[in-house]
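Taking it in order: structure first as structure tokens, then the write-up.
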Amino acid sequence: MSITPELYDFIVKLIEEKVREVKVTREAFDKLASTVRSLTRAQRRTEERLNQLAEAQSRTEERLNQLAEAVDRLVVGLDSLRVEVGRLSEVVGFGLEDVARVVLPGWLHRRLGVEVEELRREFLRVDGEEVEVNLYCEGLKGGAKVTVLGEVKSRIYSDDESGFHERVFTRAKKAVEGEALGVLFGYLIHPTAKRKAEELGLYTVASYER
């Protein structure tokens with residue numbers, strides 16, 4: 001059987017189309033393969049970054065745990081320090097009270113003409129509540145009864161005067177008969193404390209005064 005020129009041309013065209021289709025399919029395959037490789041590399045980089053983030057998070061959690069432990073230790077340390085400072089304040093306060101018991105009687109006699117004996121710590125009932133007075137003593141001034149109501153602080157400022165006047169003196173004097181004298185005794189007295197004491201009708205006495 002002979003092939004006519006027309007049939008020959010048809011077969012050649014058909015073969016060329018199939019070759020082109022194969023070529024296009026190959027190019028598409030190559031592009032797809034390239035895309036898959038790119039995605040694979042991107043996925044690896046993403047996994048690496050996720051691993052790095054996980055490690056960073058783990059380190060952060062460890063640091064946060066260490067910080068939490070450090071804060072706990074700090075809180076415990078501060079509590080212990082607070083207790084020790086409280087004890088020290090009590091020691092200093094009682095030591096200062098002892099000094100006040102020695103100095104104040106002479107000061108009251110020379111400056112105010114008040115005769116007192118032993119100063120002591122006293123607890124008074126006022127309006128159903130207990131008021132603690134560091135320095136308490138009953139005495140005489142010109143034959144009339146007078147009561148000394150005092151407090152000791154190592155350093156005395158104007159706020160201390162106001163606090164003592166509101167918290168102790170104003171309340172405690174309700175529980176005594178006759179005149180009441182309010183006195184703050186300390187190692188150091190700021191000038192503002194003296195001015196505030198004059199405004200409130202209180203007295204300030206430094207440990208070195210006689």
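Each value in this text was obtained by applying a stated rule to the coordinates, not by laboratory testing. Remember, it's a predicted structure, so these values are computed and weren't measured experimentally. Heads up, the Cβs are rebuilt from the backbone with ideal geometry, glycines too, and the neighbour counts pull from every protein chain shown.
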Original post:
Using the eigenvalues of the Cα gyration tensor, what equivalent ellipsoid semi-axes result for the stretch 75-206 when each is taken as the square root of five times the eigenvalue, whole Å, largest first?
Top reply: 26, 17, 15
**OP:** Can you pull the one-decimal nm distance between simple spin-label points at SER34 and GLU62, each 7 Å off the Cα toward Cβ?
**Re:** 4.4
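Run the count for the chain, please: Lys pairs, Cα-Cα under 18 angstrom, 8 or more apart or on different chains.
On the way: LYS13/LYS23; LYS23/LYS31; LYS141/LYS173; LYS145/LYS173; LYS145/LYS174; LYS153/LYS194; LYS153/LYS196.
Eligible lysine pairs with Cα atoms under 18 Å apart amount to 7.
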Subject >> Farthest toward positive dipole pole in the stretch 101-158 [+1 Lys/Arg, -1 Asp/Glu at C-beta], among GLY106, VAL126, VAL116 >> reply: GLY106
**OP:** Starting with the highest mean, order 67-77, 132-142 by the number of other Cβ atoms within 10 Å, averaged over the residues of each peptide.
**Re:** 132-142, 67-77
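Rounded to the nearest 20 debye, what is the charge dipole size of the stretch 65-189 about its Cα centre when +1 sits on each Lys and Arg Cβ and -1 on each Asp and Glu Cβ? If you can, show how the numbers build up before the last one.
Working: 17 positive and 23 negative charges, 81 e Å.
Once rounded to the nearest 20, the dipole reads 400 debye.
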Subject >> Bridge type composition, the chain - antiparallel percent by DSSP, nearest 5 >> reply: 55
Original post:
Dipole magnitude of the chain about its Cα centre, charges +1 at Lys/Arg Cβ and -1 at Asp/Glu Cβ only, in debye to the nearest 20?
Top reply: 640
**OP:** Quickly rank 48-55, 180-187 as a protection proxy: mean count of other C-beta atoms within 10 Å, highest first.
**Re:** 180-187, 48-55
Original post:
How large is ³J(HN,Hα), in whole Hz, for each residue of the stretch 112-121 in order, when computed from phi with the Karplus curve 6.51 cos²θ - 1.76 cosθ + 1.60 and θ = phi - 60°, using x for Gly and Pro?
Top reply: 10, x, 9, 9, 10, 9, 8, 7, 8, 7
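Between GLU129 and LEU188, what's the calculated FRET efficiency when r is the beta-carbon distance and R0 is 35 Å? Round to 0.05.
It comes out at approximately 0.70.
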